[in-house]
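Written below as structure tokens is the structure these notes are about.
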Amino acid sequence: VTPVDITLFIGWPQREHAPFPSNPILPPVGTPGAATRGTDLVSAPLSSLGIGDNGACTVIGTFLLPQAAPTGAPQWLLQVDDGADINRFFIRNNGATTNITAGRPGADASPAGTMTAGVAFRCGISIDGAGRIASCVDGGTIQAVTGGPTSGLTTFRVGSTAAGTSNMFGEVGSIRALPFAVSD
């Protein structure tokens with residue numbers, strides 16, 4: 001037996017308390033060691049986007065989810081809310097499915113379409129300011145639900161809820177928020 005001297009390099013080891021891993025978390029260049037980050041929370045006041053407190057807006061975007069949402073862990077694409085998760089409109093990938101669905105507390109529209117893991121898809125929502133949200137995925141059938149909030153909305157969020165839960169664990173290609181609702 002001949003002794004052999006080898007060096008093993010392990011690239012990007014990472015542990016997370018989540019249903020699946022997010023993108024690698026790398027330490028600063030030249031300083032190997034543990035690295036952490038908080039949840040990616042992207043938000044903006046509706047007023048800075050020219051959107052009133054009734055939430056009347058149209059949002060179009062491109063998203064990519066590398067995996068389907070596991071049971072009990074829906075993935076939020078975006079949300080318009082009152083600073084909390086009580087009064088809100090949202091669009092998400094429902095847990096245990098690949099369905100992309102818009103909704104409000106207590107009610108979801110029928111799925112507007114489905115996603116394929118690792119494939120980008122286009123999605124749009126329109127909130128009319130009178131309690132209705134409509135959604136469409138990749139030019140498919142428009143689905144809507146009514147009975148949502150009509151005032152008091154303050155915040156636009158991408159990829160998470162106000163509580164920082166139900167994270168998207170995916171990529172956003174582009175998002176455009178228009179300060180008015182379009183018709184179906």
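The values are calculated or read from the model by the stated rules, or taken from the named source; none is laboratory data. No experiment lies behind these values; they were computed from the predicted model shown. We place every Cβ from the backbone using ideal geometry, glycine too, and count neighbours over all the protein chains shown. In case anyone asks, the SASA skips ligands and DNA or RNA and just uses the protein heavy atoms, side chains included. Shrake-Rupley method; radii C 1.70, N 1.55, O 1.52, S 1.80 Å.
Of CYS123, CYS136, all but one fail to be open to solvent by less than 20 Å² (accessible area, probe 1.4 Å) and out of contact with any His (no Cβ under 7 Å at 6 or more places or on another chain); the exception is CYS123. For first residues located in segment 161-184 and at positive phi, partners that are part of a strand (DSSP E or B) and among the basic types (Lys, Arg) and lie 6+ apart or on another chain with Cβ distances below 9 Å form the pairs SER166/ARG92.
Looking across GLY140, GLY124, one residue alone is outside any strand (DSSP E or B) and of a type in the set (Gly, Ala, Ser). It is GLY140.
If a residue has to be open to solvent by less than 90 Å² (accessible area, probe 1.4 Å) and at pLDDT 60 or above to count, how many in segment 1-17 make the cut? Here the count works out to 1. Look at segment 60-74: where a residue is closer than 10 Å to MET115 by Cα and a partner is among the aromatic types (Phe, Trp, Tyr) and in a loop (DSSP other than H, G, I, E, B), sitting 6+ places away or on another chain with Cβ atoms under 7 Å, you get GLN67/PHE20.
Taking segment 31-112 and the strands (runs of 3 or more DSSP E) fully enclosed by it, the elements with 2 or more residues that are surrounded by fewer than 20 Cβ atoms within 10 Å (Cβ to Cβ) and β-branched (Val, Ile, Thr) are at 57-64.
Looking at this structure, is PRO149 open to solvent by 40 Å² or more (accessible area, probe 1.4 Å) and either modelled with pLDDT under 95 or in a loop (DSSP other than H, G, I, E, B) (or both)? So PRO149 does not fit the description; no.
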